[in-house]
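The values are calculated or read from the model by the stated rules, or taken from the named source; none is laboratory data. All values derive from a computational prediction rather than experimental measurement. Please note: Cβ atoms are built from the backbone with ideal geometry, for glycine as well, and neighbour counts cover all protein chains shown. Please note that ligands, DNA and RNA were not included when accessible areas were found on the heavy atoms of the full protein model with its side chains. Shrake-Rupley method; radii C 1.70, N 1.55, O 1.52, S 1.80 Å.
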Amino acid sequence: MSVSPYDAYRPPQEPRGKRRRKNRTPGGGAFRRGGGDGSREVPVVPEPEFTSYYGRPIVKAPPWDSKIASYLFLGGLAGGSALLSLGGYLTDRPALRRNGRLGALGAASLGTVALVADLGRPERFLHMMRTVKPTSPMSLGSWLLAGFATNAGVAAAIEVDRMTDERLPLGPLRPVLHALELPTSVASGVLGAPLAAYTAVLLGDTAVPTWHETHAHLPFVFVSSASLASGGFALVTTPVAETGPARFFAVAGVAGELAAMHVMKGAMDPVSVEPLEQGKPGAWLTWSERLSVIGGVGVLLGGRRRWVAAASGLALMASSALTRWGVFWAGKESVKDPRYTVIPQRNRLEKRRAAGITDDSITTAG
């Protein structure tokens, strides 16, 4: 007897001599009884296993690695620190202003190094700035980073000049430099929030399943995470007499991140959210939540004590870093299993059909 290659897809059957007659439904369909009492029906067709051609991922993952994951954290730290330094400048808190400016420039510089290292050659970063493409988060993000780093650099240079008692060899440029303090402080502070959020837009704009599912809520998570990082950095580096804005930043960031993460997961497809809750990314995000709560409670109860403030600040910075790393690597994991691509697409299709949307190019009235 010839056997077709498609016979391999049939469920296993009992030997012919022992095969029992199948029960028939009124419509003629076949099913098997699950137990001796006939109280449960077991479908003949097994659960589908999702595969792809030659075992390759359906969606090609971006070739990003830990350098970009670090850049996500550093961008948030830089943006939040610039905003805090502007607050310190406007409220006459010199230590907060100084540490915020230096922290913003240091984080932006390290982030730029990580970004250029990921690109492979420095000139590739310059090629990204040859044009401005409003529809590309990467194009706008490159210009945003350049503008932020320039203004943060000028503001930090003013602080260095003050710290050295104006011993830098600036000559006639010193009055010009100090005249730029207000506009550069305002510019870096205003650009700080978009810098902290644009990387979330960049991730959500990709076809990576888990990242794409987070596109509506991830910016809120990243902005709150930036508040944790910058507030924590200020608590570590600044005397408690001037950390009032940093404590507010930190507590607001804790509340915002916990709420935004909960809302984001609730709005995602149940399958797409799995990479955020399993494996190393899930463990990192779990510890991020724990450290966030620990740091927030420390700020509220003992933020006016130097050692408590410093310990809470370190916990908040670690929490922010784990959030960025967890989201980043969860997306990288989601492209490895075809089910994270196929099942959410089918669920979205069923929702559109249930809503009566059958007259476009995505769904058809079958």
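So which residues in region 123-172 are in contact with a Lys or Arg (Cβ under 6 Å, 6 or more places away or on another chain) and closer than 20 Å to Ser185 by Cβ, if there are any at all? Lay out the reasoning, then the answer.
Taking region 123-172 first, the residues in contact with a Lys or Arg (Cβ under 6 Å, 6 or more places away or on another chain) are 139, 155-156, 159.
The answer is Ala155, Ala156, Glu159.
Taking the condition of being open to solvent by 30 Å² or more (accessible area, probe 1.4 Å) and over 23 Å from Ala69 (Cα atoms), how many residues in region 302-341 meet it?
Of region 302-341, the ones open to solvent by 30 Å² or more (accessible area, probe 1.4 Å) are 304-307, 311, 314, 317-318, 322, 325, 329, 332-333, 336-337, 339.
Retained after the next criterion (residues that are over 23 Å from Ala69 (Cα atoms)): 304-307, 311, 339.
Result for region 302-341: 6.
Could you list all residues from region 75-101 that are open to solvent by less than 20 Å² (accessible area, probe 1.4 Å) and touching a Lys or Arg at 6+ places or on another chain (Cβ under 6 Å)?
Scanning region 75-101 gives Ser85, Gly88.
Could you list all residues from region 242-259 that are of a type outside the set (Asp, Glu), within 19 Å of Leu102 (Cβ to Cβ) and open to solvent by 10 Å² or more (accessible area, probe 1.4 Å)?
Residues satisfying the conditions are Pro245, Phe249.
Name the residues in region 193-225 that are modelled with pLDDT under 90 and either among the polar types (S, T, N, Q) or crowded, with 22+ Cβ neighbours inside 10 Å (or both), would you?
Thr206
Yes or no: region 231-240 includes at least one residue that is more than 22 Å from Ala78 (Cα to Cα) and open to solvent by 20 Å² or more (accessible area, probe 1.4 Å). Give the steps one after another, and end with the answer.
Filtering region 231-240 down to residues more than 22 Å from Ala78 (Cα to Cα) leaves none.
Within region 231-240, none of the residues are more than 22 Å from Ala78 (Cα to Cα) and open to solvent by 20 Å² or more (accessible area, probe 1.4 Å).
Taking helices (runs of 4 or more DSSP H) that do not extend beyond region 63-172, which have at least 2 residues that are free of Cβ contacts under 8 Å to residues at least 24 places away in the same chain and closer than 27 Å to Phe328 by Cα?
Counting at least 2 such residues, we get 94-119, 122-127, 137-163.
Working carefully through the options Val116, Val154, Val132, Val190, find the one that is open to solvent by 60 Å² or more (accessible area, probe 1.4 Å) and either among the small types (Gly, Ala, Ser) or at pLDDT 85 or above (or both).
Details: Val116 fails: open to solvent by 60 Å² or more (accessible area, probe 1.4 Å); Val154 fails: open to solvent by 60 Å² or more (accessible area, probe 1.4 Å); Val132 fails: either among the small types (Gly, Ala, Ser) or at pLDDT 85 or above (or both).
Within the list Val116, Val154, Val132, Val190, the selection yields Val190.
Being under 30 Å from Gly326 (Cα atoms) and not hydroxyl-bearing (Ser, Thr, Tyr) is true for just one of Ala157, Ala179, Ala146. Which residue is that?
Ala146
Given the conditions (1) β-branched (Val, Ile, Thr); (2) farther than 25 Å from Arg97 by Cα; (3) in contact with a helix residue (DSSP H, G or I) (Cβ under 6 Å, 6 or more places away or on another chain), and given that Thr206 satisfies all but one, which numbered condition is not satisfied?
(3)
With (1) open to solvent by 10 Å² or more (accessible area, probe 1.4 Å); (2) under 22 Å from Ile68 (Cβ atoms); (3) within 15 Å of the chain's Cα centre (by Cα); (4) free of Cβ contacts under 8 Å to residues at least 60 places away in the same chain as the list, and Met264 as the residue in question, which single condition is left unmet?
Against the list (1) open to solvent by 10 Å² or more (accessible area, probe 1.4 Å); (2) under 22 Å from Ile68 (Cβ atoms); (3) within 15 Å of the chain's Cα centre (by Cα); (4) free of Cβ contacts under 8 Å to residues at least 60 places away in the same chain, Met264 comes up short only on (1).
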